[in-house]
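Encoded as structure tokens, the structure appears first; notes follow it.
The values are calculated or read from the model by the stated rules, or taken from the named source; none is laboratory data. For clarity, every value in this text was computed on a predicted model and none was experimentally measured. Don't worry about glycine lacking a Cβ; one is built from the backbone with ideal geometry, like all the others, and counts go over all protein chains shown. Protein only, heavy atoms only, side chains kept; ligands, DNA and RNA dropped before computing areas. Shrake-Rupley method; radii C 1.70, N 1.55, O 1.52, S 1.80 Å.
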Amino acid sequence: MVISPVHYIAVPLLAAFTMPLIAKVSKELARVIPGLVMMYLSFVSVVLMQQVIQSGPISEVIAGWQAPWGINLMFTPFSGFLATLMSFMGLLIWLYSFNFKKVDFSQSLKYQTLQMMMVTGATGIVLTGDIFNLFVFLEITAITAYSLTAFYRERDGAEAAFKYLLIGSFASVFVLLAIMLLYTQLGTLNMAEIAQKIQAGELSGTMKTTIFALFLIGFGIEAEMFPLNAWAPDAYSQAPGPIGAAFASIVVKAGVYALIRITFTLFDIQGAHMYLIIAGLVTMVIAEVSAVAQTNLKRMLAYSSIGQMGFVLIAFGIGTKEAVFGAIFLMFNHAIIKGLLFMTGSYLTFNDTNKQISSLRGFGKKLPLVSLLFAIGAFAIVGLPPFSGFWSKLYVLTAAGSKEMIMLILIILGVSVVEIIYYFRVVGKLYFSKEENDIEVQKPSINAMIPMVILGLVIVAVGIYPDLVTGFFERATDMLLDKAHYIEVVLTQNVVN
Amino acid sequence: MHSFDQVFTQYQDIVTTGVYGSAIGLIIIGLYAVLLKKNLTKIVIGLSIIDAGIHLLFVAIGYIQGGTAPIFSPGHEGEIQKMVDPVPQALVLTAIVIGFAVTAVALSLVIRLYKHHNTSNIDQIKSLKW
Amino acid sequence: MKKVFVLILLAVVGLYLSNTFNLISFGDNRVGEVVEETTTVSGYYLKETPTKSEVANVVTAIVVNYRGFDTLGEVTVLFLATTGLGSILFRRKEEEEGVERLSKPASSLVSTGSRILFPLVVLLGVYVFIHGHLTPGGGFQGGAIIATGFLLMLISYKNYKVSHSTLGWVESFAGISFVLIGFWGLISSHSFLQNIPQVGELNSLISGGVIPIIYIAVGFKVAAELTGVLDILLNIKPKK
């Protein structure tokens, strides 16, 4: 059997359906299955990435029908990189949450299934080449996200999940309307063929703007664009710790990917780039300013995450090759750094139900390794060398400079100062406040320490030697900006039927 | 007795407005319920109504005048030119199931919220502040 | 004040949608030429299905074969909804005792009628999903009909129990068979979910290769899942 992109979807599905059956035989085995699946998918990622580097993007047809008549999966350098990132982060998050809720077994089984399916849904969004299939995977991701947000009984998870559900349903409605209108105008649902037909001018101006606006709103909700991100702070702060990490590093990336695919590959609208910059800027400024006012650690991290997504949108909006390269690098960094911050933040505030920052006094001595990793994450996300966040910020600022957007550079630097303020406030509490002796801490177990240490090492490694990843991102950038190549790979594939 | 075709061509505008108008009307009613109603269950019902409106719109755009069902039953194989568009029907099938799943999850959240806060009024369940 | 604002917003949205949709004329032939050269995707499906796939119902062929991946995703969505429901509502074993589904027993007309109708409804559902490739219908429709039959029994009888372990087995087996059929296609013809055995002629019960098999699995799965969801939602102990 050849290793192909469909394994990303089919293998976890098979595992999810068999897990209840295996659980009747052996409970321990059933809890290990998601980990095995993620390890296998990471291996598949490595194999496919090597293939992509050697021979270009892979397009795989499903059910034997050639591209516009059947669904196809596209493993380009950009989508492949995202799929790899999601598989690895999925593996690390599984490892981190392995002993989660060990007490009640049936709940833990459901938790593992939902978490694995969330990663699968996000991978499906990134890999598919068909727009209705994108909608189906969007719904898979959304439903698992709603259920996981409401997982804890004691907190306000149900309220956050309900809000998320309402806003998420609006996203689905907008995307469905857009798909509907697109289908009536062009008669096809395959993204490559849509791109080809739009390039040939088969879509009238008003329709084009309407459909693009509907897609923008629909995917903007998932990508946490302002003003559509009201669901995000609640959802991130009420969800269990590893799920918050999964939202930040996996789910929101899929939303941004969908937005970028629509903008860059499908449509070709003049004002779109300017709109992305403005939306990104507003998102970033408002989110970062709100983050300063937070006393709840997780909400602060959530607002910071939204701000970073705004930054990514700005970078994509600038549109030059350097800027897109910086944006892809930024997505990589954000996934790793935010994942680490959520994981460590979860342990730091384990025993405080309100997750207040003020309760973190002096944890530098009580939880030395965890605090150190949190500090690494904080320095990295603010953009200090020698951590990886520094390079991505540098590339984006350089790109903005080369297009002479001085105002933009000033605003970004100003926002960075704000970030420094609220992150260092936490780090300061960790290391420089007097210890209080009556607060208990939860020492993280081995399976939780390993992923955090791995992420920390990656941040330092990429920071010192960014060439580990930059060669790859350049290829991804080239492919993203090259619409004709995408269309050609999909539509000229010969399938023997 | 006029056939549907004749009626259709004569009153095309009215039929168009009627079909699209009722679907859009459903969406508007659902939107009204979601935005203005206070009871959680009514909000979920509003979501369901919005879904129904969208599905109706989807099926409506697949209609071809004078067309028949896209099934090659014995004796009707030759009618291939007059069949309606089968793709929106397939898409709506998927969309209906997805809408059902989301409604089920929403209702379970409503039950959880009711048990926790003892009320189904959304104004009284605002413990998550800014 | 908020009410006025929302009403204005609704009027704007309604007008905007109507204007957009009026640009799409109702009843226009958007499928294009079918008999000779096909230009749109629907034209291709209408032309190729009776010859290449030997399936009479084109919508079934689209749902299961051409866009089978979407159906797989949809089946997953149902499975996840059931799992999510289970995790949110957190049924413990203690809650099952003393759970009262109905406050008043149903009248004898309803209870007798349900007992008579139930096997007929299930039979209709099974018919619909077995003949999905020949007549309008299919796995989802048949499964929903069967679940309605169960709902009828659940609301007429206080102590009608649906065994959740049976439902779990049916669900898992049906899901596994769907994915395994896909893998069979991957192993034998290098394409996931490819339709392999080309048996039968148009309009006979055994036709269309693997399509009716998939739809039967889907029918069982949907029936099991919908019934499970209804049962969980109906068995919530009301707060005293």
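Evaluate the following for A:ILE33: is it crowded, with 18+ Cβ neighbours inside 10 Å and touching a helix residue (DSSP H, G or I) at 6+ places or on another chain (Cβ under 6 Å)? Criteria met by A:ILE33.
Suppose we filter segment A:53-75 for residues that are farther than 16 Å from A:ALA476 by Cβ, open to solvent by 10 Å² or more (accessible area, probe 1.4 Å) and without any contact (Cβ under 8 Å) to a residue 12 or more places away in the chain; how many remain? Residues meeting the conditions: 1.
In this structure, does B:SER22 turn out to be open to solvent by 10 Å² or more (accessible area, probe 1.4 Å) and in contact (Cβ under 8 Å) with a residue 24 or more places away in the chain? Yes. Among the conditions (1) at pLDDT below 85; (2) under 21 Å from the mean Cα position of the chain (by Cα); (3) surrounded by fewer than 18 Cβ atoms within 10 Å (Cβ to Cβ), C:LEU134 misses just one, which is (3). Taking the criterion of being closer than 11 Å to A:MET225 by Cβ and part of a helix (DSSP H, G or I), would at least one residue in segment A:320-337 satisfy it? No - not one qualifying residue is present in segment A:320-337. Evaluate segment C:50-57: report whether one residue or more is within 13 Å of chain A (Cβ to nearest Cβ) and free of Cβ contacts under 8 Å to residues at least 60 places away in the same chain. Yes, some residue in segment C:50-57 is within 13 Å of chain A (Cβ to nearest Cβ) and free of Cβ contacts under 8 Å to residues at least 60 places away in the same chain. Where helices (runs of 4 or more DSSP H) sit wholly within segment A:178-252, those with at least 1 residues that are among the aromatic types (Phe, Trp, Tyr) and either away from chain C (no Cβ under 13 Å) or open to solvent by 10 Å² or more (accessible area, probe 1.4 Å) (or both) occupy A:205-222, A:231-238. A:GLU28 meets the stated requirement of being farther than 26 Å from A:ILE336 by Cα, assigned to a helix (DSSP H, G or I) and not aromatic (Phe, Trp, Tyr).
Among the numbered conditions (1) surrounded by fewer than 19 Cβ atoms within 10 Å (Cβ to Cβ); (2) at pLDDT 90 or above, the only one that B:LEU47 does not meet is (1). Within the bounds of segment A:391-411, is there any residue that is among the hydroxyl-bearing types (Ser, Thr, Tyr), open to solvent by 70 Å² or more (accessible area, probe 1.4 Å), at pLDDT below 75 and out of contact with any strand residue (DSSP E or B) (no Cβ under 6 Å at 6 or more places or on another chain)? No, segment A:391-411 contains no residue that is among the hydroxyl-bearing types (Ser, Thr, Tyr), open to solvent by 70 Å² or more (accessible area, probe 1.4 Å), at pLDDT below 75 and out of contact with any strand residue (DSSP E or B) (no Cβ under 6 Å at 6 or more places or on another chain). Within segment A:36-52, the set of residues being over 23 Å from C:SER189 (Cα atoms) and open to solvent by 20 Å² or more (accessible area, probe 1.4 Å) comprises A:LEU36, A:MET39, A:PHE43, A:VAL46, A:MET49, A:GLN50. Would you check if A:LEU91 is at pLDDT 85 or above, open to solvent by 10 Å² or more (accessible area, probe 1.4 Å), more than 18 Å from the chain's Cα centre (by Cα) and more than 14 Å from chain C (Cβ to nearest Cβ)? Against the criterion (at pLDDT 85 or above, open to solvent by 10 Å² or more (accessible area, probe 1.4 Å), more than 18 Å from the chain's Cα centre (by Cα) and more than 14 Å from chain C (Cβ to nearest Cβ)), A:LEU91 does not qualify. Is it the case that some residue within segment B:78-85 is crowded, with 23+ Cβ neighbours inside 10 Å, closer than 16 Å to A:LEU182 by Cβ and modelled with pLDDT of 75 or more? Within segment B:78-85, one or more residues are crowded, with 23+ Cβ neighbours inside 10 Å, closer than 16 Å to A:LEU182 by Cβ and modelled with pLDDT of 75 or more. In segment A:11-24, the residues that are more than 8 Å from chain C (Cβ to nearest Cβ) and part of a helix (DSSP H, G or I) reach residues that are open to solvent by less than 30 Å² (accessible area, probe 1.4 Å) and polar (S, T, N, Q) with C-beta atoms within less than 6 angstrom, at least six apart or across chains, in these pairs: A:PRO12/A:THR120; A:MET19/A:THR113. The test for being farther than 20 Å from A:THR120 by Cβ, at pLDDT 80 or above and over 23 Å from the mean Cα position of the chain (by Cα) does not hold for A:VAL52. Scanning segment A:140-164 for residues that are farther than 25 Å from A:LEU13 by Cα and among the aliphatic types (A, V, I, L, M) gives A:ALA158, A:ALA160. Taken over segment A:362-372, the criterion of being open to solvent by less than 10 Å² (accessible area, probe 1.4 Å) and either among the β-branched types (Val, Ile, Thr) or modelled with pLDDT of 80 or more (or both) is satisfied by A:VAL370, A:SER371.
Against the test of being in contact with a Pro (Cβ under 9 Å, 6 or more places away or on another chain) and either of a type in the set (Phe, Trp, Tyr) or under 19 Å from A:MET116 (Cα atoms) (or both), the options A:PRO34, A:PRO57, A:PRO20, A:PRO5 yield a single qualifying residue, A:PRO34.
Here A:PRO57 does not qualify as more than 12 Å from chain C (Cβ to nearest Cβ) and within 22 Å of A:PHE98 (Cα to Cα). Inside segment B:30-42, residues that are of a type in the set (Val, Ile, Thr) and facing another protein chain (nearest Cβ under 9 Å) make up a count of 1.
Taking first residues from segment C:105-118 that are open to solvent by less than 70 Å² (accessible area, probe 1.4 Å) and partners that are polar (S, T, N, Q), the Cβ contacts under 7 Å between residues at least 6 apart in sequence or on separate chains come to C:ALA106/C:SER156; C:VAL110/C:SER156; C:SER111/C:SER156; C:SER114/C:SER156.
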